[in-house]
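The values are calculated or read from the model by the stated rules, or taken from the named source; none is laboratory data. No experiment lies behind these values; they were computed from the predicted model shown. Cβ atoms come from the backbone with ideal geometry, glycine included; neighbour counts cover every protein chain shown. The accessibility values were calculated without ligands, DNA or RNA, using every heavy atom of the protein model including side chains. Shrake-Rupley method; radii C 1.70, N 1.55, O 1.52, S 1.80 Å.
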Amino acid sequence: MPLHVHTEPADLAPAVLLPGDPGRARHIAETFLDAPRLTTEYRGLLGYTGSYRGVPVSVQTTGMGCPSLAIVAEELVQLGARTLVRVGTAGVVAPDVAPGERIVAHAAEAGDGTTRQYLGGDASPSVADLDLTVALRDAAAAHGGARVGLIRTEDAFYATTPADVPTLAARGVLAIEMEAAALFLIGRLRGVRTGCMVVASNHIGDDAFVDPAVLQAGVDAMTRTTLDAIAARHAAEAA
């Protein structure tokens, strides 16, 4: 058993959703999965396994930031996971993205330190699995659609300011979050599929956070979309 994700290999599904928040992991498991069971709660990293449309699916908390995500992702791969999808929220950069919208990330700018440590100080593009990204995009069509584009991963939640937004927006960044770049890199290094869908929260610099009801509706649509994509990929691979 790994040091941090205290789950037996037999209790983990090949496909795993990765929310940062343990409360969101519980909500996903109890709301969307059939017969969910708690598989680990060590260090507050709640993990659950159940099924969706007959497909085994796990949900595993990662915590906040790339260092925590990297630990969890590496240990899930050790346990046998083969598809890892981050589901979370992101602060908005692009002026035409509204709170509550879903974003499927095909790549993430690596503004973190974790990916550079993996690569000996080098910077490298962090790119999601193409087939999984297409499946997320296609599944989103049934749930209001989703943007597909570039996001940015950073370590410091409060470091980026409204003054930084025009530069980021000009190079095509849609939103900022804290985990995707490390997930994509680990997927490439370990030979597993990785993807990411996030819900837009507030624009960087907004005085107030997005209405919780709007955010929750976005999270639920994101979760259903991601599960539909996993089920579609499972069917395609079984055909």
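As a size descriptor, the averaged projected area of the C-alpha convex hull of the chain was calculated at 12.2 nm². Electrostatic tally near VAL165: other residues with Cβ closer than 12 Å to its Cβ, Lys and Arg +1, Asp and Glu -1, net 0. Note on the chain: with charges restricted to the Cβ of Lys and Arg (+1) and Asp and Glu (-1), its dipole about the Cα centre is near 480 debye.
Taking the chain as a Gaussian network of alpha-carbon nodes connected by springs under 10 Å, the highest mean-square fluctuation of the residues SER124, SER51, SER68 belongs to SER124. Solvent-accessible area of ILE71, all protein chains in place: 70 Å² (probe radius 1.4 Å, heavy atoms, ligands and nucleic acids excluded).
Where only DSSP H runs of four or more residues are counted, the chain gives -11000 deg cm²/dmol as its mean residue ellipticity at 222 nm, each run worth -39500 (n - 2.57). Amide H contacts for THR39 (H built 1.01 Å from N in the peptide plane; partners 5 or more residues away or on another chain; cut-off under 5 Å): GLY47, TYR48, THR49.
Taking every full run of DSSP H in the chain, the ones that stretch at least 27 Å from end to end by Cα along their long axis and average -0.5 or higher on the Kyte-Doolittle scale are 212-238. Report the one residue of ALA35, ALA90, GLY63 whose Cα lies farthest in the direction of the positive end of the charge dipole of the chain (charges on C-beta: Lys and Arg +1, Asp and Glu -1; origin at the Cα centre). The residue sitting most towards the positive pole is ALA35.
Mean separation of Cα pairs under 8 Å and 6 or more residues apart, divided by the residue count, gives region 1-127 a relative contact order of 27 percent. For the chain, a Gaussian network of Cα nodes joined below 10 Å ranks ARG43, ARG224, ARG137 by mean-square fluctuation, and the top entry is ARG43.
Reducing region 13-75 and region 111-151 to their Cα centroids gives an inter-centroid distance of 19 Å.
Distance from the Cα centroid of region 164-192 to that of region 87-101 is 14 Å (rounded to whole angstrom). Solvent exposure of the chain amounts to 42 Å² per residue of accessible area, where only protein heavy atoms count and the probe is 1.4 Å.
Rolling a 1.4 Å probe over the protein chains gives ARG233 an accessible area of about 50 Å². When the chain is treated as a GNM, springs tying every alpha-carbon pair under 10 Å, which of ALA182, ALA141, ALA73 comes out with the largest mean-square fluctuation? Maximum among the listed residues: ALA141.
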